[in-house]
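What follows is one structure encoded as structure tokens, with my remarks underneath.
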Amino acid sequence: MSNRRRLPRSAYLAAAAGRKPHWVPVWFMRQAGRSLPEYRQLREKHSMLAACFDAELICEITVQPVRRHNVDAAILFSDIVVPLRGAGIDVDIVADVGPVIAQPVRTAADIRALKPFDPQVVEPVSEAVSSLVAALGEVPLIGFAGAPFTLASYLVEGGPSRHHARTKAMMWGDPASWHALMSKLTDITIAFLRTQLDAGADAVQVFDSWAGTLSLADYRTHVLPHSARVFSTLAGYGVPMTHFGLGTAELLGAMSGALKPVAAAVVGVDWRTTLTDAAARVQPGTVLQGNLDPAALLAGWPVVERAARAVVDDGRRAVDAGASGHVFNLGHGVLPETDPGVLTELVSLVHSL
């Protein structure tokens, strides 16, 4: 853990650690993928999951947005359900649907049958991280994983869900089984992130995409202890760690609390909450990441420029209000119909500010 590479010129790592970068760093969730024509050309020949288990493709797709946009960080090309394959779960990513679980996990027996994570299954991911660290030079690599709650929602529902009704029914009606499931998924998340960190990833982000469907009370009782265990277990790596969820305005304080043992703690904020408001909700010492609405990128350059300047200004106010720093990002992932040229211009603009 102490022999990690040093990237003193990285604006992203400086900001994430609460230091003053030479410019506002910027990267985009889902920058590696859907909006890029070079990515779509590759995907014509390879399914999503096949690409996620091919070290050469992982490397190429991860580097594409760095090469094109000059972003301040690369994020590993993968999917949040990849570690489920490492636990022997039959999962596929269906076009225009999302992750689909062949046999949903809904009973205590189903939970007992879940296998431990096998790092050999995701060996291509480890190989890709090692190669990327060597190839990216001064650009840091962000690894990532899905948080236990979001993984649980896919397992219990069997796929994407609007209301997460089965998930909440288990959570409320059978708390013993729920916590047993969450404990196993926490182990899987930790193991997958450890695989990336041991291979040299410079930072990680944990996506709790669906945590915003919960009340604060339910989050604290049924989710927070497990997410906190992810971060506390990995804190010794000494790398920046980001916690992100969609629609989590009421949860930001608790989510930042899960990061308490982490030396460089970052909370992602979606577009519904101003960074200034988020600064008042998170724990002291937290860096904020976000939060341009991805749809703004479709509205023409004058709108993009105004919105980006507003986010940068809001980030400065957030730092004045107590946040430890600001990393520019979107409030969620890049939309597939986004013009890549707009992203390139946006990076240049943010750097100029």
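Taking a point 7 Å out from the Cα of Ser232 in the direction of its Cβ, none of the residues of the stretch 191-216 has a backbone N less than 12 Å from it. For the stretch 285-301, the residues whose backbone nitrogen is under 19 Å from a point 7 Å from the Cα of Glu345, taken along Cα to Cβ, are 292-301.
So, R0 is 22 Å and r is the distance between the beta-carbons of Glu250 and Ser183; what FRET efficiency does that work out to, to 0.05? With R0 = 22 Å, the Cβ-Cβ based efficiency is 0.30. The Stokes-Einstein estimate for the stretch 227-296, based on a Kirkwood radius over Cα pairs and taken at 20 °C with 1.002 mPa s viscosity, is a diffusion coefficient of 177 µm²/s. Magnitude of the charge dipole for the chain, about its Cα centre and with charges confined to Cβ atoms of Lys, Arg (+1) and Asp, Glu (-1), is about 740 debye. Distance between the pseudo-spin-label points of Thr107 and Ser161 (7 Å out from Cα toward the beta carbon): 1.8 nm. Counting lysine pairs in the chain that sit 8 or more residues apart in sequence, or on different chains, and whose Cα atoms lie under 27 Å apart gives 6. Each of Glu38 and Val303 was given a label point 7 Å from its Cα along the Cα-to-Cβ line. The distance between the two points is 2.8 nm. Beta bridges per DSSP, both residues in the stretch 11-352: antiparallel share near 15 percent. A helix-only calculation puts the chain at -14000 deg cm²/dmol for mean residue ellipticity at 222 nm, using -39500 (n - 2.57) for each DSSP H run of at least four residues, averaged over all residues.
Annotation for the stretch 106-172: GluC sites (Glu not before Pro) lying in DSSP loop with at most 14 further Cβ atoms inside 10 Å of their Cβ are Glu138. The Kirkwood hydrodynamic radius of the chain, based on inverse pair distances between different Cα atoms, is 20.2 Å. Across the stretch 187-199, computed HN-Hα scalar couplings (Karplus, 6.51 cos²θ - 1.76 cosθ + 1.60, θ = phi - 60°) run 4, 5, 4, 4, 5, 5, 5, 5, 4, 6, 5, 5, 7 Hz from first to last residue, x flagging Gly and Pro. Taking all C-alpha pairs of the stretch 185-285, those more than 23 Å from each other amount to 21 percent.
Candidates Thr221, Ser348, Gly159 compared by Cα position along the dipole of the chain: farthest toward the positive end lies Thr221, with charges placed on Cβ.
On the beta carbon distance between Arg9 and Ala295, with R0 = 30 Å, the FRET formula returns roughly 0.35.
The calculated FRET efficiency for Ala310 paired with Asn70, based on their beta-carbon distance and R0 = 35 Å, is about 0.95. Farthest towards the positive end of the charge dipole of the stretch 26-107, among the residues Val81, Val97, Leu42, is the Cα of Val97, using unit charges on the Cβ of Lys, Arg, Asp and Glu.
Asp277 label point, 7 Å along Cα→Cβ, cut-off 20 Å on backbone N: hits in the stretch 319-334? Within reach of a label on Asp277, which here means backbone N under 20 Å from a point 7 Å along Cα→Cβ, the stretch 319-334 contributes 319-333. Peptide packing for 167-176, 280-289 was compared via the average number of neighbouring C-beta atoms within 10 Å per residue; ordered from the highest value, the list is 280-289, 167-176.
The value of relative contact order for the chain, using C-alpha pairs under 8 Å at least six residues apart, is 20 percent.
Any read-out appearing in this document is the output of simple, stated calculations on the displayed coordinates, not a laboratory observation. Keep in mind it's a predicted model, so treat the numbers as computed, not measured. In this analysis, Cβ positions are derived from the backbone assuming ideal geometry, glycine residues included, and neighbour counts consider all displayed protein chains.
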